[in-house]
Amino acid sequence: MAKITFIQPDGTSQTVTADIGLTVMEAAKLNNVEGIEAECGGACACATCHVYVDDAWRAASGKPTDMEEDMLDFAFDVRESSRLSCQMKITAALDGLVVRVPAKQF
Amino acid sequence: MTTNNADTTEQISTDVVVIGAGPCGLFAVFELGLLDLKCHVIDILDRPGGQCAELYPEKPIYDVPALPVVTGQELTDRLMEQIKPFGPQFHFSERIDEIARLADGSFRLVSDQGTVFLTKVVVIAAGGGSFTPKRPPLDGIEGYEGTSVFYSVRRIESMRGRDIVVIGGGDSALDWTLNLQPVAKSLTLIHRRDDFRAAPHSVEKMRALVAEGKVRLAIGQVTALQGDGKNLQSVTLKTADGEETLVANGLLPFFGLTMKLGPVANWGLNLNENLIHVDTERFETSEKGIFAIGDINWYPGKLKLILSGFHEAALMAQAANRIVFPDKKVMFQYTTSSSSLQKKLGVR
């Protein structure tokens, strides 16, 4: 199990525990985290599970693949720390991960 | 199979109109075809496959019976092959906007292109709804749509002399950059990174225009719109160097498509959370003769699976058959053994 913290635009945060091997998007959906829509169900086809990875976790969580980078073109207010949470597999190294939910998911 | 690109006066009579050319809509054509019902299929996309074609053409699906793995595109191609014997008529890039019941119980449908369909049965297989362009969450953007903000351009002339801003990095953004540059007063292409998903030759052409000074390429994002609420005057462009105000009275944002229920919501059907309630014997809606199958329907125990939609199509077809041919004697037959079904399939 790993702990993952989602911080909403208004600053409220929610820490959930999730099985290793799930994606961060799945952890969010299983725990009804607001603002993670995942319209396509995790196929890296919609960009509605966009998150900003906390700076302290950028190195551990790695960089987006080319496919994910392409799909991030469909997200709004993309930053250096942007990831699609459906493409982030939870590993033991990500225990404690902190991500921020964007103000608008579209 | 043929594709009809409708003009405004076309009127088509048919047994069944299938709304949506995703896997369930396509398989409905098969099940209806076995019963001799002729179909016209309408889809907002420019090709068959629905979500399979738009969202995951290259991604594997593992839960279609007897196909351990199949991509969205392969599944679509196979369904198209399977329904070929029934000669469905396709109407792509078209959306049904209105449904009205006629005195004899049949229906009159009108598309956004003005095509009129007279049909005895309507099958809504619209999945998550119509694919519609994503609207960037910029304050006030709705007010500018149609006057200054466009998600597609029907007449290039309407953009002549404008200061145009195109946002995006795919084929739509590049195509419109190339098409509109000759008529624009100025054209700025804005993308969040200096890397494009579009066809390489379009990217080359765009870069050539940038080198000639005819197009400006800005790496950044639009963060705000300015104008009188209806007519856009400028946009705020945020780049690595900071913010600037860019004069613009034409904005074309290309952020892909999303699914919206669309006009289905106005057809007087029993809906719950944007899903159409159906019974599980006929998959008929609250309106007799209008059926709903696949992801767009709801009934107790509903699973949004392709295989469930296929089952729903088969049962729906039996009920549709009784509407179109009330006097026909119904005999259940298997494709494996029935010579009449095999004849229809062209295998005998």
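What's the number of the condition A:Lys63 fails, among (1) over 24 Å from B:Pro136 (Cα atoms); (2) part of a loop (DSSP other than H, G, I, E, B); (3) away from chain B (no Cβ under 14 Å)?
(3)
Looking at B:Tyr56 and the list (1) in contact with a strand residue (DSSP E or B) (Cβ under 8 Å, 6 or more places away or on another chain); (2) touching a residue at least 24 places away in the same chain (Cβ under 8 Å), which single condition is not satisfied?
With (1) in contact with a strand residue (DSSP E or B) (Cβ under 8 Å, 6 or more places away or on another chain); (2) touching a residue at least 24 places away in the same chain (Cβ under 8 Å) applied to B:Tyr56, the lone miss is (2).
Could you list all residues from the range B:182-234 that are within 14 Å of chain A (Cβ to nearest Cβ) and assigned to a strand (DSSP E or B)?
B:Leu189, B:Ile190, B:His191, B:Ile219, B:Gly220, B:Gln221, B:Val222, B:Thr223, B:Ala224, B:Leu225
What are the pairs, 6+ residues apart or on separate chains, where a residue within the range A:78-106 that is within 13 Å of chain B (Cβ to nearest Cβ) and free of Cβ contacts under 8 Å to residues at least 12 places away in the same chain has its Cβ under 9 Å from a residue that is surrounded by 20 or more Cβ atoms within 10 Å (Cβ to Cβ) and hydroxyl-bearing (Ser, Thr, Tyr)?
Final answer for the pair search is none.
For the range A:19-32, does any single residue satisfy the condition of being within 12 Å of another protein chain (Cβ to nearest Cβ) and closer than 16 Å to A:Val99 by Cβ?
no
Out of everything in the range B:251-302 that is of a type outside the set (Val, Ile, Thr) and assigned to a helix (DSSP H, G or I), what residue ends up being surrounded by the fewest Cβ atoms within 10 Å (Cβ to Cβ)?
Selected residue: B:Asn266.
Quick test of your reading of the structure: B:Asp36 fulfils all but one of (1) more than 11 Å from B:Ala21 (Cα to Cα); (2) not in a loop (DSSP other than H, G, I, E, B). Name the failing condition by number.
Here B:Asp36 meets the rest and fails (2).
Counting only residues that are touching a Ser or Thr at 6+ places or on another chain (Cβ under 8 Å) and surrounded by 12 or more Cβ atoms within 10 Å (Cβ to Cβ), how many does the range B:316-348 have?
4
Taking the range B:301-341, which residues are more than 30 Å from B:His277 (Cα to Cα) and at pLDDT 95 or above?
Within the range B:301-341, no residue meets the criteria.
The values are calculated or read from the model by the stated rules, or taken from the named source; none is laboratory data. All figures in this text were calculated on a predicted structure; none of them were measured in a lab. Here the Cβ is made from the backbone with ideal geometry for all residues, glycine too, and neighbour counts use every protein chain on show.
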